[in-house]
1. Of the residues in the range B:143-168, how many are buried (at least 17 other Cβ atoms within 10 Å of the Cβ) and over 17 Å from the mean Cα position of the chain (by Cα)?
2. Pick from A:133, A:143, A:184, A:174: which is over 17 Å from residue A:73 (Cα atoms) and among the small types (Gly, Ala, Ser)?
3. All but one of (1) in a strand (DSSP E or B); (2) in contact with a Pro (Cβ under 7 Å, 6 or more places away or on another chain) hold for residue A:50; state the number of the condition that does not hold.
4. Does residue B:154 qualify as being more than 9 Å from every other protein chain (Cβ to nearest Cβ), under 27 Å from residue A:86 (Cα atoms), of a type outside the set (Val, Ile, Thr) and in contact (Cβ under 8 Å) with a residue 24 or more places away in the chain?
5. Would you mind listing the helices (runs of 4 or more DSSP H) fully within the range A:71-174 where at least 2 residues are of a type in the set (Gly, Ala, Ser)?
6. Check B:46, B:74 and return the single one that is surrounded by 20 or more Cβ atoms within 10 Å (Cβ to Cβ) and in contact with a helix residue (DSSP H, G or I) (Cβ under 7 Å, 6 or more places away or on another chain).
7. Of all residues in the range B:169-178, count the ones that are over 16 Å from residue B:139 (Cβ atoms) and either open to solvent by 80 Å² or more (accessible area, probe 1.4 Å) or aromatic (Phe, Trp, Tyr) (or both).
8. Which of the residues that make up the range A:35-66 are among the hydrophobic types (A, V, I, L, M, F, W, C) and more than 14 Å from chain B (Cβ to nearest Cβ)?
There are 2 protein chains.
Amino acid sequence: MQALREYLNQYVSSLISDEEFEVIQSYFVHKKLRKKQYLLQYGEICKHMAFIVKGAARKFYLDEKGVEHVVDLCIENWWAGDRESFAMSKPTIYYIEVWEDTEVLLISRANVAILEYECKPFNEFVLKLDEKSHIAKQKRITSAISFTAKERYEDFAACYPEILRRFPQHVIASYLGITKDTLSRLRRQG
Amino acid sequence: MQALREYLNQYVSSLISDEEFEVIQSYFVHKKLRKKQYLLQYGEICKHMAFIVKGAARKFYLDEKGVEHVVDLCIENWWAGDRESFAMSKPTIYYIEVWEDTEVLLISRANVAILEYECKPFNEFVLKLDEKSHIAKQKRITSAISFTAKERYEDFAACYPEILRRFPQHVIASYLGITKDTLSRLRRQG
């Protein structure tokens, strides 16, 4: 739980007290997953958001032709889940697969709501995280629709060097919406 | 301001009182823009988020070749702005152009922060809006990287019929990342 505390403290204006963290951590459940296990599968309801303490996961959409499109890549100190399914209790269209042996802290929607309402630092954290996430998603959209393959790769490599190191080329290529050959060429040039 | 009140009330668990709304509205400034005016231009700092009371706007990215990529389309009861520039006081990479004569309510970052902290219903509203926006952006990313042109158009037409009606074909085509000819063909089929 120490990882969660240090992570949350990066978002709040004054450090979380022992009492506050006691309350916060009581709403999380620890879970271990082995490499290749699914955290979430197509058609399931996403009942928890997962804070990654250790490990890595990829979220992908499988199209009708059976092609995987990597929508998100997550490592330590990131959240994995499908917010739409989580918020609206509707079946997810995604798969989230753990890419290494992984440890997560799970929190349910009801418990997020309680903490947002009753715990000021947690409320502050969610507001800041959502803002950061909004900005990252806007950048991803702009990159996907406006940038060349080279610009997409360079922007990604500059922002997320650790993710680039942790996942194989074909996963990164899918995330960037380019072929594996184009990615190889860009990496050699970079 | 009545439009803002009705809009906010859709997001909160109990209706906003007269006293609460008195406080909320005191942090907004009313502004009129004429068709074709810019709400934000490349290189400026986005100092306000704009709630659209009446009118429409499009947000686009201009690439090095001078091609416009439509990132966002906004009409009444939507927010226009660049969250990254707004949050981090850095120059925006976007243009936001008003597409019709438009009326907006502007709020600064400092005033958002005050309301989030001091006004419970506004705090609740921001949490819910950010969640909704997160979900919409995730869908846009998945659509952009995984869906066919036909799927992108059908999904958009189902979710945003009013936006489809308000903007011309070339703007919608750019938003969907397809050519104007492909869009015409899809509309005839639909």
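The values are calculated or read from the model by the stated rules, or taken from the named source; none is laboratory data. These numbers come from a predicted model, not from an experiment. All Cβ positions, glycine included, derive from the backbone under ideal geometry; neighbour counts span all protein chains shown. The area values use the complete protein model at the heavy-atom level, side chains included, leaving out ligands, DNA and RNA. Shrake-Rupley method; radii C 1.70, N 1.55, O 1.52, S 1.80 Å.
1. Result for the range B:143-168: 7.
2. On the way: A:133 fails: over 17 Å from residue A:73 (Cα atoms); A:143 fails: over 17 Å from residue A:73 (Cα atoms); A:174 fails: over 17 Å from residue A:73 (Cα atoms).
The unique qualifying residue is A:184.
3. Result: residue A:50 fails condition (2) only.
4. Numbers: more than 9 Å from every other protein chain (Cβ to nearest Cβ): yes; under 27 Å from residue A:86 (Cα atoms): yes; of a type outside the set (Val, Ile, Thr): yes; in contact (Cβ under 8 Å) with a residue 24 or more places away in the chain: yes.
Spelling it out, residue B:154 is indeed more than 9 Å from every other protein chain (Cβ to nearest Cβ), under 27 Å from residue A:86 (Cα atoms), of a type outside the set (Val, Ile, Thr) and in contact (Cβ under 8 Å) with a residue 24 or more places away in the chain.
5. Fully inside the range A:71-174 and qualifying: A:83-88, A:109-118, A:120-146, A:149-159.
6. Working: B:74 fails: in contact with a helix residue (DSSP H, G or I) (Cβ under 7 Å, 6 or more places away or on another chain).
Result of the check over B:46, B:74: B:46.
7. Looking only at the range B:169-178, we keep the residues that are over 16 Å from residue B:139 (Cβ atoms), and these are B:169-174, B:178.
Pick out the ones that are also either open to solvent by 80 Å² or more (accessible area, probe 1.4 Å) or aromatic (Phe, Trp, Tyr) (or both) and you get B:170.
Of the residues in that region, 1 qualify.
8. Here is the first cut: in the range A:35-66, the residues among the hydrophobic types (A, V, I, L, M, F, W, C) are A:39-40, A:45-46, A:49-53, A:56-57, A:60, A:62.
The answer is A:39, A:45, A:50, A:51, A:52, A:53, A:56, A:57.
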